[in-house]
């Protein structure tokens, strides 16, 4: 899909960060927009931004972890705009914590939003997109953490590895159809995702719970930043521009930063060496 004018884009997590960047780039391309988020204030701010660009847009408070709410979002999208050309399953949370301190409640919260939200979006929109017979695209915001696992980000990485698996299977299932797929793997983007904590209390909990006698959990979280030492932070708008270029190019993997290539090569090398040690053909 290279011509975005008058197409319909649905964006979850549109109240801030990459979601807001996607909304702005979509508006710059004269798309019609359906914006969704649980943050009413941020959602309305994004709505004002895109409406000031002169495009048609609606905003709906939506908890992506709730399938009924996402199905309602799909129903309203097709009732108002009769189509969805690009679905951005973008909503997500970070929730850093040592795995030993993760509660089942926190697990459900994060996995249901990140991975469950992606599934719910596909479940609610894909049948309608298929029925329309028009060109369409499903985009999921993954992360470099869907390839590289860091200390303190076990849950987050698990959800992003899961999104990568889900979208890779979906890509195979939709091969030959009019529906394309992409996973977005951003590096460092200046968003407020670090503030998305379970019940708003995790920062305090992390500061009180050592991983071992000498390790500082917050210092361990810096490992991810150190791995990005050859990269630089980009704005949500810059990330969104890269995403739209990837969609236009029909790219499945959309990376924003080249600086993570070395880590991915090292991980791939470890896999291949393990195969060399395998016992059977």
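Here residue 275 and residue 104 are evaluated by their C-beta separation; at R0 = 35 Å the FRET efficiency comes out at 0.50. Calculate the FRET efficiency for residue 48 and residue 261 from the Cβ-Cβ distance with a Förster distance of 51 Å, rounded to the nearest 0.05. Plugging the Cβ-Cβ distance into 1/(1 + (r/R0)^6) gives 0.85. Computed on the chain, the Cα convex hull volume stands at 146 Å³ per residue.
Length gained on full extension, residue 173 to residue 41, computed as 0.36 nm times the residue gap minus the Cα-Cα distance: 43.7 nm. In plain terms, the residue of 253, 260, 156, 107 with the fewest other Cβ atoms within 10 Å comes first and the most crowded comes last, giving 253, 107, 260, 156. Across the range 1-61, Cα-Cα distances exceeding 18 Å account for 20% of all pairs. Fully extending the segment from residue 268 to residue 132, taken as 0.36 nm per residue of separation minus the present Cα-Cα distance, adds 45.0 nm.
The alpha carbon gyration tensor of the range 27-156 gives principal lengths a ≥ b ≥ c with a/c of 1.5 or higher and a/b greater than b/c, which makes the shape prolate.
Ranked by how many other Cβ atoms sit within 10 Å of their own Cβ, fewest first, the residues 185, 118 fall in the order 185, 118.
Values in this text are rule-based calculations from the coordinates and carry no lab data. What you are looking at is a predicted structure, and each value in this text was computed from that prediction instead of being measured. Every residue, glycine among them, receives a Cβ derived from its backbone with ideal geometry; neighbour counts consider all protein chains shown.
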